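Reviewing the structure listed below.
The values are calculated or read from the model by the stated rules, or taken from the named source; none is laboratory data. Here the structure is a predicted model, which is why all the values come from computation and not from measurement. Virtual Cβ from ideal backbone geometry, glycine too; neighbours counted across all protein chains shown.
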Amino acid sequence: MKSKLHIILVNYKGFKDTIECLESIYNSIDRDFQIIIIDNSEWDTDIHNLKAWSEIEKKFQTDTDFSSSAKSYTKKPLSCVVCKEEDLYKKCFDQELLIVKTSKNKGFAAANNVALRYINKFGGVYDLIWLLNNDTVIESTTTHKIRTALVKFDLKKDTILFGTPLLEYNDRNSIQAIGGKYNKNFAITTHVGVGLRMDNNIDTSRYKVDYPIGASMVFSCNFLKRVGLMNEEYFLFFEELDWVQRLKKVGGKVIILPIFGVYHKHGKSTLSDKKEQKSEFIDLLSLKNRMLFSKKFYKRHLWSVKLFILTITILKRIISGNFDRIPKIIKMVIST
């Protein structure tokens, strides 16, 4: 039985990125999907712009560098509906584009969960779900390749979290990441395959990874029913690692698909305006979540994580001149 593909995008004051992503998705050769956009923005400006894009045939300015993949999609108006989060679960929407306004910005995991709860309620047992960052652009064959690759798996029986490699948005032949590795001693994550060139024949199965990069993850409704929703404690960062730990408990596994068709920008929302540094909120949140994840799954290593933060991390903040963050970091370590 052919499955339906639900593509989930989270938008937070980034409608231009989202529209560029939408242009690339709608130019796919495989159009059997529903896109669900969860908007976390404080105001309705992005909602209005996204709805206008779905109705207007002329090109919406996105400053794209991907004229081949993200060319203007002109077969409009699209079948589109806008609803509030509280109205989402009242009925099943058949429109190809569903835009949902959340009641409150509770983070990346919570936003995805809004869509996942809807799919869990109204989706079919064979349906597929693709969590895709809104700051990505995909090739026209990517959705077709994902469907084709997943046919060989028994997703009703096996519980698998799939990832796809990410390519650099500004360098189409450079790999941004194949997957991620986790160091439990210091709660540090690193990307595998960074900088590899697509000129080489890359076999993703040869690279050992602990988790897929959260910007592009694919799974079935069976996965959702067995593993559950994303953990909203993290707000941002470590959600995919938490998912993988829970996946292991039910005998599931992670597989990186050999599909090189997702180009990812480096998210500027996590940076401050000062020399491309992490914003204070993001900096403290990432440190908090490192300890939270370690405490939950690797409690024996929490002491070494804290020691690393109190020494190496604080030293880095001194070198970068972020002295005002140091007391907050120390307080956070002590209270965790």
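Output the number of the condition that Gln245 fails; it satisfies all remaining conditions of (1) outside any loop (DSSP other than H, G, I, E, B); (2) modelled with pLDDT under 95.
That leaves (2) as the condition not met.
Just a yes or no: is a residue in segment 146-166 at pLDDT 95 or above, within 24 Å of Arg206 (Cα to Cα), hydroxyl-bearing (Ser, Thr, Tyr) and in contact with a Ser or Thr (Cβ under 9 Å, 6 or more places away or on another chain)?
There is at least one residue in segment 146-166 that is at pLDDT 95 or above, within 24 Å of Arg206 (Cα to Cα), hydroxyl-bearing (Ser, Thr, Tyr) and in contact with a Ser or Thr (Cβ under 9 Å, 6 or more places away or on another chain).
Taking strands (runs of 3 or more DSSP E) that do not extend beyond segment 99-214, which have at least 2 residues that are in contact (Cβ under 8 Å) with a residue 24 or more places away in the chain and touching a strand residue (DSSP E or B) at 6+ places or on another chain (Cβ under 6 Å)?
In segment 99-214, 128-132, 136-138, 160-163, 166-168, 171-177, 179-183 are the strands (runs of 3 or more DSSP E) which contain 2 or more residues that are in contact (Cβ under 8 Å) with a residue 24 or more places away in the chain and touching a strand residue (DSSP E or B) at 6+ places or on another chain (Cβ under 6 Å).
For segment 215-224, indicate whether the set of residues that are under 13 Å from Gln176 (Cβ atoms), at pLDDT 95 or above and buried (at least 18 other Cβ atoms within 10 Å of the Cβ) is non-empty. I'd like the intermediate steps shown before the answer.
Here is the first cut: in segment 215-224, the ones under 13 Å from Gln176 (Cβ atoms) are 215-216.
Keeping just the survivors that are at pLDDT 95 or above gives 215-216.
Those still in the list that are buried (at least 18 other Cβ atoms within 10 Å of the Cβ) too: 215-216.
Yes, segment 215-224 contains a residue that is under 13 Å from Gln176 (Cβ atoms), at pLDDT 95 or above and buried (at least 18 other Cβ atoms within 10 Å of the Cβ).
Only one of Ser69, Ser24 is surrounded by 14 or more Cβ atoms within 10 Å (Cβ to Cβ), more than 20 Å from Ser3 (Cα to Cα), at pLDDT below 90 and of a type in the set (Gly, Ala, Ser). Can you tell me which? Even if it seems obvious, please write down each step before you answer.
Working: Ser24 fails: at pLDDT below 90.
When all the criteria are applied, what remains is Ser69.
Could you list, in sequence order, the residues of segment 248-276 that are over 29 Å from Leu22 (Cα atoms) and either touching a Cys at 6+ places or on another chain (Cβ under 7 Å) or modelled with pLDDT under 95 (or both)?
Of everything in segment 248-276, those that are over 29 Å from Leu22 (Cα atoms) and either touching a Cys at 6+ places or on another chain (Cβ under 7 Å) or modelled with pLDDT under 95 (or both) turn out to be Lys274, Lys275.
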